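Asks: The structure follows.
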Amino acid sequence: VQIGNSTLHFSWAGVGIVSNDNASCYEDLVKSSIISTVVKAELYVQSRWFIADNSMDNVNKSMQISLEKLQRIESLMEFSQAELDNEISANMNTMYKNVLEKIIDTSEVRSLYKSVISQIHTQKKIKEAHNKDKQSRNRFISNLFLAVFTASSFFDTLLNLINKTFSWTNVLLFSTSMAIAVGTVIFDYKNN
């Protein structure tokens, strides 16, 4: 990109500035509008890269991360990605806008954000499948407990059966209730 007497060559690893301006000391470099613009844009993109890179590490290295934390990281990534996409505005001076666009493009930081969000979606699907399996097992156990509790509520009928002071109506009612309770548990488990 040609800016005044200077030519800027962009790369994420660094930006080379070929300028006719002579700098005799550090203060001359700092006062240069071109150099300060490049440094400002580089720092901005590096900070966005840092956020995405750390988020990727958090998602990939922690197998114990909860769905809630994954959702928080995903929200941060989406917010940062939107901020990055909308950072270039009409209020910026033309030089800064051009420099920032080039640095964002050559850094491929947008691809990193897409990769992080994709990894988060994968981790969320794994966690959701694991939680669904866990809920299914817990539901089976609670339904089985409920069936046993229901059956034990027929204690009086059982006591009558043991003491041989029962009627066939009580036996039929008890057997039917027990079969329905166990059948409901098995049906619920197989369908979930």
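Asks: Being among the hydrophobic types (A, V, I, L, M, F, W, C) and modelled with pLDDT under 85 narrows it down to one of Phe10, Phe50, so name that one.
Replies: Only one candidate passes the filter, namely Phe10.
Asks: Inside the stretch 117-134, can you point out the residues that are polar (S, T, N, Q) and in contact (Cβ under 8 Å) with a residue 40 or more places away in the chain?
Replies: Gln119, Gln123, Asn131 - these are the residues of the stretch 117-134 that are polar (S, T, N, Q) and in contact (Cβ under 8 Å) with a residue 40 or more places away in the chain.
Asks: Kindly indicate which of Ile104, Ile34 is among the β-branched types (Val, Ile, Thr), open to solvent by less than 30 Å² (accessible area, probe 1.4 Å), at pLDDT below 85 and farther than 30 Å from Ala129 by Cα.
Replies: Selected residue: Ile34, the only one of Ile104, Ile34 that is among the β-branched types (Val, Ile, Thr), open to solvent by less than 30 Å² (accessible area, probe 1.4 Å), at pLDDT below 85 and farther than 30 Å from Ala129 by Cα.
Asks: Now a separate question. Looking at Lys127, Lys132, can you tell me which residue is basic (Lys, Arg) and either farther than 30 Å from Ser177 by Cα or surrounded by 14 or more Cβ atoms within 10 Å (Cβ to Cβ) (or both)?
Replies: Being basic (Lys, Arg) and either farther than 30 Å from Ser177 by Cα or surrounded by 14 or more Cβ atoms within 10 Å (Cβ to Cβ) (or both) holds for just one of Lys127, Lys132, which is Lys127.
Asks: Let me confirm something: among Asp85, Asp57, Asp53, which residue is exposed (fewer than 12 other Cβ atoms within 10 Å of the Cβ), touching a residue at least 24 places away in the same chain (Cβ under 8 Å) and part of a helix (DSSP H, G or I)?
Replies: Only one candidate qualifies: Asp85.
The values are calculated or read from the model by the stated rules, or taken from the named source; none is laboratory data. Not measured: the values here are computed from a predicted model. Cβ: placed from backbone, ideal geometry, glycine included. Neighbour counts: every protein chain shown. SASA here: full protein model, heavy atoms, side chains in, ligands and nucleic acids out. Shrake-Rupley method; radii C 1.70, N 1.55, O 1.52, S 1.80 Å.
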